[in-house]
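Readers should treat all values here as calculations from the given coordinates under stated rules, not as data from a laboratory. Just so it is clear, the structure is predicted and the values come from calculations on it, not from any experiment. Glycine gets a Cβ as well: all are built from the backbone with ideal geometry, and neighbour counts include every protein chain shown.
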Amino acid sequence: MRPYSGSFETGMIGAVQRGREGEAAGRQYLLDAGWSIVAQNFRTRRGEVDIVALRGEVVAFVEVKRVNRYTQEDLQHVISAKKRRSIIETSKLFLAMHRKYNQYRIRYDVMLVQGNACVRHMEGAFAEHDEAE
């Protein structure tokens, strides 16, 4: 058996770069739709939120996912229950640190990005009470 000759680091850098490009496409989509970007790649020990955006009375915590293709059936599996809980917990920490947003309505969105374009923005894709079940 031949040893693996590829580079793990190169593969990881490529994946990270593609992820960042997808997030950039998501941010641009939101900006074009009239949102303000409050934070990006907000990280805590509990997890990460790709984009925190504000428009009107809504603060949206947005998870961006790059996809090659998708079907309606695939959408429910885009983000696992564990990842949704992580996003919710991270959003609570964000709000505790940035209390000025506490009076806003909170929403959890998912954006699907292909190439450099958002192909689906699922507003209110999940909610905190959904994860308590």
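Which whole-Hz couplings ³J(HN,Hα) result when phi for each residue of segment 35-52 is put into the Karplus expression 6.51 cos²θ - 1.76 cosθ + 1.60, θ = phi - 60°, listed in order with x for Gly and Pro?
7, 9, 8, 8, 7, 9, 6, 6, 10, 9, 5, 7, x, 9, 10, 5, 9, 10
Using 7 Å Cα-to-Cβ label points, what is the Arg105/Arg45 separation (nm, one decimal)?
Going by the 7 Å Cα→Cβ label model, 3.5 nm.
Order of Val110, Val67, Val62 from fewest to most other C-beta atoms within 10 Å? Present the calculation step by step, with values, prior to reporting the outcome.
On the way: Val110 22, Val67 14, Val62 27.
Exposure proxy ranking, most exposed first: Val67, Val110, Val62.
Multiplying the sequence separation of Asn68 and Arg55 by 0.36 nm and subtracting their Cα-Cα distance, what value in nm do you get?
Numbers: separation 13, 0.36 × 13 = 4.68 nm, distance 2.90 nm.
Full-extension gain reported as 1.8 nm.
If I model a spin label as a point 7 Å beyond the Cα along the Cα-Cβ vector, how far apart are those points for Ala117 and Lys83 in nm?
Reported label-point gap for Ala117 and Lys83 is 2.3 nm.
Just want the ordering: Asp130, Asp50, from fewest to most Cβ atoms lying within 10 Å of their own Cβ.
Details: Asp130 12, Asp50 23.
By the 10 Å Cβ count, ascending: Asp130, Asp50.
Kindly write out, for segment 22-33 in residue order, the coupling ³J(HN,Hα) from the Karplus curve 6.51 cos²θ - 1.76 cosθ + 1.60 (θ = phi - 60°), rounded to whole Hz, with x marking Gly and Pro.
Per-residue couplings from phi come out as x, 5, 4, 5, x, 4, 5, 4, 5, 4, 5, 8 Hz.
Please list the non-local residues whose amide H lies under 5 Å from the amide H of Ile79, H modeled 1.01 Å from N, same-chain partners needing a gap of 5 or more.
none
Return Ser91, Ser36 ranked ascending by Cβ neighbour count within 10 Å, so the fewest neighbours appear first.
Details: Ser91 24, Ser36 10.
Least crowded to most crowded, the residues run Ser36, Ser91.
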